[in-house]
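Worksheet: one structure, shown below.
Computed from the coordinates by the stated procedures, all read-outs in this text should not be read as laboratory data. The shown structure was predicted, so the numbers you read here are calculated from the model rather than taken from an experiment. Virtual Cβ from ideal backbone geometry, glycine too; neighbours counted across all protein chains shown.
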Amino acid sequence: MGISISEENQEQINRKVESGKYRSPDDVIAKALELLNEHEDKLAQELVEVRAKVQEGINQLARGEFVECTDETLGNLLEEIESEALSDLELQRPSAD
């Protein structure tokens with residue numbers, strides 16, 4: 001099977017072989033394909049997880065498990081988050097003993 005590879009990619013493959021880490025261009029390409037497959041598998045799994053979370057959110061809405069957010073409740077929530085973050089920072093700060 002003949003494959004066309006750009007000059008830039010050929011140079012990258014040659015550098016990898018010349019580094020001694022790979023025995024041949026085939027080894028470089030095999031490793032690249034292995035990593036590509038791992039990456040695609042990870043993305044597919046993340047997509048499954050995101051879809052499950054979206055479905056859970058839809059189910060919660062259908063069951064009435066939500067809080068209506070207004071400008072006031074959002075402001076209160078942001079203040080609470082800020083307060084907790086500042087408290088956490090205070091706890092992490094070394095004492096001046």
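In table form, for the structure just shown:
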item: For region 9-59, the Rg and Dmax computed from alpha carbons only, in angstrom; result: 18.0, 56
item: Spacing of the two label points (7 Å from each Cα toward its C-beta) at E90 and E65, in nm; result: 3.4
item: Debye intensity ratio I(q)/I(0), log10, region 22-97, q values 0.12, 0.14, 0.22 Å⁻¹ (C-alpha model); result: -0.75, -0.81, -1.00
item: Cβ charges +1 (Lys, Arg) and -1 (Asp, Glu), total dipole of region 25-97, debye; result: 300
